[in-house]
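Here the structure is laid out as structure tokens; the discussion comes afterwards.
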Amino acid sequence: MKNSVKKTALRAIACAAAAMLALTGCAGGTDGSSTGSTSAVQGSSAAQSADGKVQISLWHSMSGANQEVLDGIVADFNASQDKYEVVAENQGTYDESTGKFFSMANGDGSADIIQIGEQNLQSMIDSGMVQSVSDLIEKYSFDDSDLLEQAVNFYTVDGTLYVMPFNCSSPVVYYNAQLFKDAGYTEFPTTFEGITEAAEKIAASGSSVMPVGMYAYGYALDQMVTNMGGYTINNENGRSGRATEVAYQDQIIEIFNWIKDLQDKNLLLNYGSDGTNTLSGFTQQQIGMYISSSAVARNVIDSCDFEVGIAMLPVPEGTDAQGVYAGGGALCVAAGIDEETEAGVMEFFKYATSADVQAVWAAGTGYYPICSGAYETESMLAAYEEYPQLKVSADQLLNSKVNGITAGPLLSQLPQLRTDLVAALESVFNGGDVTAAVEEAANSTNAAIESANQGVA
């Protein structure tokens, strides 16, 4: 968001944000080890590889199979031309990588491109350390006409696209398809009440599988608020003015009451905040369904020896589902890089957002293609034929309405908001009062927002 904060103040905000991110951890990214960087000193001449190519440093938060796919894309780009060499390095979670970027303040060894999680957008804008992608699109005549409006919606603020969408995702429901078929379901329920009814049928059948598994996942909770038609924060998700407090209470209370009802009826096994053990419980058929990111779809499918179904996020009965915002990650461009490096960055963006490359990326991971053309490529159609579940998760984004609600929350304290929601749900898991838990979470986040907003015009 355009604001009147002076450069010194912005740097102070960046330092504060770095400290905050280090404390709150990741709300969407993956762990990984960091290595030395080969990027150019910001604002100096472009770094050169041994063979004379302009080197472009890319910091990312992909690990495991997703990193393998990304490494392949980078290698193919490097081989496709002889002028630029992208050097991709894992720098830990989104929050860890962003915090490191802030702490280096565009100095020697800092990244030219940094992959951020959606929760880091406002902090990046506030820092003054990245340049708008809209300006670069105009400067380099980049054709952005094929980018999905749902993908662009989140990262556009006051008409300016600040970062390049790349790896979009959202929470989805993973379920044991055979278990639900045996309970008489050819399609997964779309409502809270429908899931409860299905869980009761599974339990009544004498199955040893706990129908529902759940872990406290902040990203899923605020996306469920969006899907239910609620703003996560005030001032229209921080887009008509800087957010000053949370606005999710009604929807979160309804979500928590549904979860509590499932647990009280002995239909739900809670895993605290442990997503890894929840996945393990699902793969071992201890639970019949759970909610997690679409980004791990291929990993979930490939890890199970039974048919995995994927369904869109449910809503309460009678609620018009709005859809989701384009979470996941996007690519920022550091401010102050030289024009030669800048031109190379845009060439890489052109390659990485192309239909064929986005199809490869989506098929190999579970992320959504962020350009329309990818959905019609032979490779994407083949992937959807082999893994029809991936199309279901993509359809959740493609069918999402494009409005202020699905623009998603613009908030520097979004990691804190999610951490507070996790603590609240864990309290409910342990028998705590729903309204009291939500009120405590809201008060904690609101205090953090007030502190962060001090000195910001």
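Of everything in the range 341-383 that's among the aromatic types (Phe, Trp, Tyr) and modelled with pLDDT of 95 or more, which residue is nearest to residue 398 (Cα to Cα)?
Taking the range 341-383 and keeping what is among the aromatic types (Phe, Trp, Tyr), we get 348-349, 351, 361, 367-368, 375.
Checking which are modelled with pLDDT of 95 or more leaves us with 348-349, 351, 361, 375.
Values: 348: 25, 349: 22, 351: 22, 361: 17, 375: 11 Å.
Filtering first and then ranking leaves 375.
Quick one: which of 421, 381, 417, 397 is in a helix (DSSP H, G or I) and surrounded by fewer than 15 Cβ atoms within 10 Å (Cβ to Cβ)?
Working: 421 fails: surrounded by fewer than 15 Cβ atoms within 10 Å (Cβ to Cβ); 417 fails: surrounded by fewer than 15 Cβ atoms within 10 Å (Cβ to Cβ); 397 fails: surrounded by fewer than 15 Cβ atoms within 10 Å (Cβ to Cβ).
381 is the lone residue from the list that is in a helix (DSSP H, G or I) and surrounded by fewer than 15 Cβ atoms within 10 Å (Cβ to Cβ).
Out of the residues in the range 435-454 that are among the hydrophobic types (A, V, I, L, M, F, W, C) and surrounded by 18 or more Cβ atoms within 10 Å (Cβ to Cβ), state the one that is farthest from the chain's Cα centre (by Cα). Give the derivation first.
Within the range 435-454, the first condition is being among the hydrophobic types (A, V, I, L, M, F, W, C), and the residues that meet it are 436-438, 441-442, 447-449, 452.
Still in the list and also surrounded by 18 or more Cβ atoms within 10 Å (Cβ to Cβ): 437-438, 441-442, 448-449, 452.
Numbers: 437: 25, 438: 23, 441: 21, 442: 22, 448: 22, 449: 21, 452: 22 Å.
Ranking the candidates gives 437 first.
Tell me whether the range 210-221 contains one or more residues that are surrounded by fewer than 19 Cβ atoms within 10 Å (Cβ to Cβ), closer than 25 Å to residue 321 by Cα and not small (Gly, Ala, Ser). Full working, then the answer.
Initial filter on the range 210-221 (surrounded by fewer than 19 Cβ atoms within 10 Å (Cβ to Cβ)): none.
No: zero hits.
Test of understanding: among 368, 351, 375, which residue is touching a Cys at 6+ places or on another chain (Cβ under 7 Å) and surrounded by 18 or more Cβ atoms within 10 Å (Cβ to Cβ)? Write out each step before concluding.
Working: 351 fails: touching a Cys at 6+ places or on another chain (Cβ under 7 Å); 375 fails: touching a Cys at 6+ places or on another chain (Cβ under 7 Å).
Only one candidate passes the filter, namely 368.
With crowded, with 18+ Cβ neighbours inside 10 Å and either in contact (Cβ under 8 Å) with a residue 60 or more places away in the chain or in the same structural domain as residue 333 (by TED's automatic domain parsing) (or both) as the only criterion, which of 57, 103 stands out? Please lay out each step first, then the result.
On the way: 103 fails: crowded, with 18+ Cβ neighbours inside 10 Å.
Every option except 57 fails the conditions.
Anything in the range 326-347 that is touching a Pro at 6+ places or on another chain (Cβ under 8 Å) and in a loop (DSSP other than H, G, I, E, B)? List them, or say none.
Answer for the range 326-347, where residues must be touching a Pro at 6+ places or on another chain (Cβ under 8 Å) and in a loop (DSSP other than H, G, I, E, B): just 326.
Filter the range 392-421 down to residues that are assigned by TED's automatic domain parsing to the domain that holds residue 296 and among the basic types (Lys, Arg), then give me how many there are.
Residues in the range 392-421 being assigned by TED's automatic domain parsing to the domain that holds residue 296 and among the basic types (Lys, Arg): 1 in total.
Please go through the range 278-311 and pick out each residue that is within 25 Å of residue 362 (Cα to Cα), polar (S, T, N, Q) and more than 18 Å from the chain's Cα centre (by Cα).
Looking only at the range 278-311, we keep the residues that are within 25 Å of residue 362 (Cα to Cα), and these are 278-280, 282-283, 289-311.
With the extra rule that they be polar (S, T, N, Q), the set shrinks to 278, 280, 283, 292-294, 299, 303.
278, 280, 283, 303, listed by residue number.
I need a count of the residues in the range 320-339 that are touching a Phe, Trp or Tyr at 6+ places or on another chain (Cβ under 9 Å) and over 11 Å from residue 165 (Cβ atoms). If you could, list the steps in order and put the result at the bottom.
Start the filter on the range 320-339 by keeping residues that are touching a Phe, Trp or Tyr at 6+ places or on another chain (Cβ under 9 Å), which leaves 325-334.
Adding the requirement that they be over 11 Å from residue 165 (Cβ atoms) leaves 325, 332-334.
Number satisfying all stated conditions: 4.
The values are calculated or read from the model by the stated rules, or taken from the named source; none is laboratory data. Keep in mind that this is a model prediction, so the values were computed, not measured. For neighbour counting, all protein chains shown are included, and Cβ atoms are generated from backbone atoms with ideal geometry for every residue, glycine included.
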